[in-house]
Amino acid sequence: MNEDFFRARPTEIARLLIGATLTHGTTSGLIVETEAYSEINDEACHTFIRRHAREFVEKHAPGTAYIYLNYGVYWLANILVQAPDGERGFVLIRALEPLTGIELMKERRKKSKLTDLCSGPGKLSIALGIGPEHHEQDFRGKPFTLSPRSSAPEILTGPRIGISKATELPWRYGLADSPHLSRPFP
């Protein structure tokens, strides 16, 4: 996907990524869950309280990877996006359905059940081998490949999870009937 794909509001890109395929190295998965974060009036977005996140969006192009350590345990993969009107933000990749490199994912996660491999943002980063060295890398090409979805899937919408602020915003999106979601939708 080229830079133009990432030139839309975070909520739009988060929906468009459902059903797309994310590849990193020899591993890949179908994106089944995302969350949107906006730099405007969104207390849960890193740009709201973190100066380095505001600096990041100022100096990087849409489609750049924003990888951060969550609670000192898991690396989480986000994509920087920017709408034509200037609204910027991030899309968190929350869950994948494993497609290729499944044995390597099982080895990295030390799990054998398919639905345990990428059913959460930290889990998918481990399974795909995404870490701090991928911060500021490109989702528009190497080391990642994003392939667009082939058709428009049925998408569920609900409140974001795993955060303590702006939890009322319905900016979590998921592929209907997917057993690979991080948590069921209400």
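From the set of residues in segment 81-113 that are within 16 Å of residue 180 (Cβ to Cβ) and of a type in the set (Lys, Arg), which is nearest to the chain's Cα centre (by Cα)?
Ranking the candidates gives 94 first.
Taking interchain pairs and intrachain pairs at least six residues apart, which have beta carbon atoms under 6 angstrom, with the first residue in segment 172-186 and free of Cβ contacts under 8 Å to residues at least 24 places away in the same chain and under 8 Å from residue 156 (Cβ atoms) and the second of a type in the set (A, V, I, L, M, F, W, C) and not in a loop (DSSP other than H, G, I, E, B)?
176/156
Between a residue in segment 10-26 that is surrounded by fewer than 19 Cβ atoms within 10 Å (Cβ to Cβ) and any residue that is modelled with pLDDT of 95 or more and part of a helix (DSSP H, G or I), which pairs come within a Cβ distance under 9 Å, given they are 6 or more apart or on different chains?
Close Cβ pairs satisfying both conditions: 23/128; 25/104; 25/128; 26/104.
Can you name every residue in segment 28-75 that is surrounded by 22 or more Cβ atoms within 10 Å (Cβ to Cβ) and hydrophobic (A, V, I, L, M, F, W, C)?
Matches in segment 28-75: 31, 32, 36, 45.
Of the residues in segment 81-114, how many are closer than 21 Å to residue 5 by Cα and crowded, with 22+ Cβ neighbours inside 10 Å?
Number satisfying all stated conditions: 11.
Of the numbered conditions (1) surrounded by 14 or more Cβ atoms within 10 Å (Cβ to Cβ); (2) modelled with pLDDT under 95; (3) over 19 Å from residue 11 (Cα atoms), residue 162 satisfies every one except a single condition; which is it?
All conditions are met except number (3).
What is the number of the single condition among (1) of a type in the set (Val, Ile, Thr); (2) in contact with a His (Cβ under 9 Å, 6 or more places away or on another chain); (3) at pLDDT below 95 that residue 32 does not meet?
Condition (3) is where residue 32 drops out.
Could you list all residues from segment 1-46 that are within 13 Å of residue 79 (Cβ to Cβ), in contact with a Leu (Cβ under 9 Å, 6 or more places away or on another chain) and part of a loop (DSSP other than H, G, I, E, B)?
Answer for segment 1-46, where residues must be within 13 Å of residue 79 (Cβ to Cβ), in contact with a Leu (Cβ under 9 Å, 6 or more places away or on another chain) and part of a loop (DSSP other than H, G, I, E, B): 1, 8, 17, 20.
Considering only residues that are over 16 Å from the mean Cα position of the chain (by Cα), farther than 21 Å from residue 164 by Cα and outside any helix (DSSP H, G or I), which ones fall in segment 47-80?
Across segment 47-80, the qualifying residues are 60, 61.
Those residues that are of a type in the set (Phe, Trp, Tyr) and without any contact (Cβ under 8 Å) to a residue 40 or more places away in the chain, I need them from segment 57-100; list them, please.
71
With segment 98-186 as the region, which strands (runs of 3 or more DSSP E) entirely inside it contain at least 1 residues that are of a type outside the set (S, T, N, Q) and under 20 Å from residue 23 (Cβ atoms)?
So the answer is 144-147, 172-175.
The values are calculated or read from the model by the stated rules, or taken from the named source; none is laboratory data. Since the structure is predicted, the reported quantities are computational estimates derived from the model, not experimental observations. Note: ideal-geometry Cβ built from the backbone for every residue, glycine included; neighbour counts use all protein chains shown.
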